[in-house]
Amino acid sequence: MKATAFIHLLACHQIDPTDRLSEADPRSKRHMLGAALYLALETRETFFIKGGNLRNALLRPRAAALWLLSLPKRRDLVPPGLRAYLEGSAPALPPSGIQTNHAEKAEENCKTWLAGLPAKPRMIRAAALAAAKNQFQPLSDLAFGRAWAAEAPKKGWNKAGAPGKHHSLIATP
């Protein structure tokens with residue numbers, strides 16, 4: 001990562017709306033980060049991949065943040081959330097968005113289930129979602145939406161308007 005991008009990233013996550021300092025003010029976070037990294041570049045810290053001047057330098061961001069944390073007077077330059085994460089005191093991270101095998105299988109089973117249902121009586125999406133989430137765990141709303149989008153048009157369930165007189169909330173095969 002470019003050193004200037006690293007400075008910008010850390011400084012943006014420390015914006016204080018009550019802070020009226022300009023970026024050129026020596027007390028600003030951006031200025032202090034630049035000065036700290038300039039010192040690191042001059043002392044040839046190992047987290048720099050490519051040296052030269054600070055504008056062209058490339059660095060390893062995690063190692064640079066850990067280096068800042070190792071300096072008592074520079075610890076406050078690392079945003080609190082990143083500091084907690086790097087020191088191991090951060091809460092568990094939310095799911096990454098990568099679908100697990102179980103979730104993928106639940107989505108596939110839901111799609112097969114929807115495909116096996118008869119077109120009549122018309123299936124109501126909300127009722128189908130509740131039944132599917134109950135039956136195919138861990139099925140997410142998004143996974144059900146993909147399965148519904150694939151199967152509902154084939155059966156005419158996605159048409160606007162109220163269902164006919166003889167509709168069922170849950171149709172069984």
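Every read-out reported here was derived from the displayed coordinates using simple, explicitly stated rules and does not represent laboratory data. All values derive from a computational prediction rather than experimental measurement. Please note: Cβ atoms are built from the backbone with ideal geometry, for glycine as well, and neighbour counts cover all protein chains shown.
Could you please rank LEU71, LEU129, placing first whichever residue has the fewest other Cβ atoms within 10 Å of its Cβ?
Listed from fewest to most nearby Cβ atoms, that is LEU71, LEU129.
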Please compare each pair in LYS133/LYS159; LYS105/LYS159; LYS2/LYS29 to a cut-off of 20 Å on the Cα-Cα distance and tell me which ones are over it. LYS133/LYS159; LYS105/LYS159
At what distance in nm do the modelled label points of GLN135 and GLU87 sit from each other, each positioned 7 Å from its Cα along Cα→Cβ? 5.1 nm
Take the Cα coordinates of region 101-155, assign each an equal point scatterer, and use the Debye formula without solvent to give log10 I(q)/I(0) at q = 0.21 Å⁻¹. -0.67
Enumerate the calculated ³J(HN,Hα) couplings along region 131-144 in order (Karplus 6.51 cos²θ - 1.76 cosθ + 1.60, θ = phi - 60°), each rounded to whole Hz, writing x wherever the residue is Gly or Pro. 5, 5, 5, 6, 8, 10, 8, x, 7, 8, 4, 5, 5, 5
Sequence-separation-based contact order of region 101-155, relative, with Cα cut under 8 Å and 6+ spacing, percent: 55 percent
